[in-house]
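The values are calculated or read from the model by the stated rules, or taken from the named source; none is laboratory data. As the structure is a prediction and not an experimental result, all values here were calculated from the model. Heads up, the Cβs are rebuilt from the backbone with ideal geometry, glycines too, and the neighbour counts pull from every protein chain shown.
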Amino acid sequence: MLATITATAFAQPAKPAMMPIEAGVVVITATVDSVDMKTRTVMFKDDKGNMVGMRVSKEVNNLGKVKKGDIFVVEHAEAIAVGLIAAPKDAKPGVSGVRSVQIAAKGGAKPFTDITDTVFATVKITAIDAASRVVTFTMPSGEKQKVKVDKAVLGLEKFKVGDDVIVEYADETVITFVTPPAAPAKK
C-alpha cells in the first residue's frame, strides 16, 4: 500500500513546485501511552516497547474517547523524508521549521487525504539501510526517528552514520485505528 505526499521542493523556490512523494502504509498493534488533544498526537508503545508519536488525521472520529492503556490496530502513513542535505558546520541541532503538505493514501482500510506538516530538523544519522532507503536519526532530545527517504531525494549514498544533516520529513500519520478483535475463548 502506498500513500502519496505532495510537497514543495526541499529548497523552497520563489513559486513552490509541487512534487508527488510515495510513502508506505503500515499496520501495527500498539498500546496508547498518552493523547494530546490539542495537537492530535497519540504516543503509542509497540509490542517491543518502542514509543512512537503519531499525528491523528482529522478524519479519525472520537479521538476524545481514546485513553492510556487502550490497544488498537493502527494503520498509518510512515514517516518519509522529502529532503536530505549535509548540515553546515555551524548548524544548531533541532527543529528549525515546518511546512504544510498534502498526504493521500490509496488502498488500505480507508481512502485518506489530509494536510500535514513536514519538519525541518538538524539531526545526526545513527543508521542507514541503503537497500530500503530508510535512515534513522537522533534528535537532540535523544529521540530516534526512522524515515523512508523518497526516491526523488538524490545522493543518499553520500551520507554515512555520524553525519549531521538537515532533513525535511513528514511524520507518521494515523489513518485509522480500531480495537483488535477479541481472542477466541479457550476450551
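Residues of the stretch 79-105 that are surrounded by 13 or more Cβ atoms within 10 Å (Cβ to Cβ) and at pLDDT below 75: Val98, Arg99, Val101, Gln102, Ile103, Ala104, Ala105.
Looking only at the stretch 42-66, residues that are surrounded by fewer than 16 Cβ atoms within 10 Å (Cβ to Cβ) and free of Cβ contacts under 8 Å to residues at least 12 places away in the same chain come to 6 in all.
So which residues in the stretch 72-86 are hydrophobic (A, V, I, L, M, F, W, C) and part of a strand (DSSP E or B)?
Just the residues of the stretch 72-86 that are hydrophobic (A, V, I, L, M, F, W, C), to begin with: 72-74, 77, 79-82, 84-86.
Passing the criteria: Phe72, Val73, Val74, Ala77, Ile80, Ala81, Val82, Leu84, Ile85, Ala86.
Scanning the stretch 139-159 for residues that are assigned to a loop (DSSP other than H, G, I, E, B), of a type outside the set (Phe, Trp, Tyr) and touching a residue at least 12 places away in the same chain (Cβ under 8 Å), which turns out farthest from Phe44 (Cα to Cα)?
Only one residue fits best here, namely Gly155.
Restricting the stretch 118-138 to residues that are part of a strand (DSSP E or B), among the hydroxyl-bearing types (Ser, Thr, Tyr) and out of contact with any Pro (no Cβ under 6 Å at 6 or more places or on another chain), the residue that is surrounded by the most Cβ atoms within 10 Å (Cβ to Cβ) is Thr118.
Would you call Gly69 in a loop (DSSP other than H, G, I, E, B) and surrounded by fewer than 16 Cβ atoms within 10 Å (Cβ to Cβ)? In short, yes.
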